[in-house]
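Beneath this line is the structure, given in structure tokens, with notes to follow.
The values are calculated or read from the model by the stated rules, or taken from the named source; none is laboratory data. Every value quoted in this text rests on a predicted model; they were computed, and no experiment measured them. Because the Cβ atoms are built from the backbone with ideal geometry, glycine has one as well, and the counts that use them run over all protein chains shown. Only protein heavy atoms, including side chains, enter the accessible area calculation; ligands, DNA and RNA are left aside. Shrake-Rupley method; radii C 1.70, N 1.55, O 1.52, S 1.80 Å.
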Amino acid sequence: MLSKIDELKLIARCALGDDRRAFGTLVEAYQSEIRRFFLNLTFGDASLSDDLAQETFIKAYTSIRSFKGLSKFSTWLYRIAYNEFYSYSRKRHEERLEEGTRTESHEEQLGSYEDSSNSRLDINTALQALSDIERTIVTLYYLQDIPIKKITEITDLPEGTIKSHLSSARG
């Protein structure tokens, strides 16, 4: 992991000098975390996770001059990843609606998982039963070990809403 000072130096080199090698170092430092975040949200779809991670880093590179340093770089990067995932989700949902595909409610999905011959719920199955926002919050909090305060910065949701989503996801 990079120190705060090393991270800021790399960001400055990217923003001021368009230094691609410096950005490559930032990508190396955060690619595993961002990819793991997407793997949890996409139920293990490695190809989709790689695509979303790549889009996240492209957007981060093109907008790095907008990074003000008010939050940690990782928080800013997760915010871009969060927006990228929801942009993808909205697009996919709209395509399904255009195709006339019926989407099951989360309760129906959970019921079908509970009725399966293997009644054991693994983590992916449990995550599938959650709404997109609950899955994102659970992934950030439990699987990425990001504190609630940082999740509020990433999602732009109030702390109480995040706690509520965590509580309903546990229930």
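Screening the stretch 10-36 for residues that are of a type in the set (D, E, K, R) and either under 24 Å from Ile146 (Cα atoms) or in contact with a Pro (Cβ under 7 Å, 6 or more places away or on another chain) (or both) and picking the one that is most open to solvent (accessible area, probe 1.4 Å) gives Glu28. Being under 14 Å from Thr139 (Cβ atoms), hydroxyl-bearing (Ser, Thr, Tyr) and assigned to a helix (DSSP H, G or I): is that true of Ser87 here? Here the answer is no, as Ser87 does not meet what is asked.
When Arg79, Arg102, Arg96, Arg65 are checked against the criterion of being modelled with pLDDT under 90, surrounded by 10 or more Cβ atoms within 10 Å (Cβ to Cβ) and not hydrophobic (A, V, I, L, M, F, W, C), a single residue qualifies: Arg96.
Might you let me know whether the stretch 13-36 holds any residue that is free of Cβ contacts under 8 Å to residues at least 24 places away in the same chain and in contact with a Ser or Thr (Cβ under 7 Å, 6 or more places away or on another chain)? Taking every residue of the stretch 13-36 in turn, at least one turns out to be free of Cβ contacts under 8 Å to residues at least 24 places away in the same chain and in contact with a Ser or Thr (Cβ under 7 Å, 6 or more places away or on another chain). When restricted to residues that are under 26 Å from Ile5 (Cβ atoms), among the hydroxyl-bearing types (Ser, Thr, Tyr), without any contact (Cβ under 8 Å) to a residue 40 or more places away in the chain and open to solvent by 30 Å² or more (accessible area, probe 1.4 Å), the stretch 37-62 contains 1. In the stretch 1-20, the residue that is farthest from Arg65 (Cα to Cα) out of those that are modelled with pLDDT under 90 and among the aliphatic types (A, V, I, L, M) is Met1.
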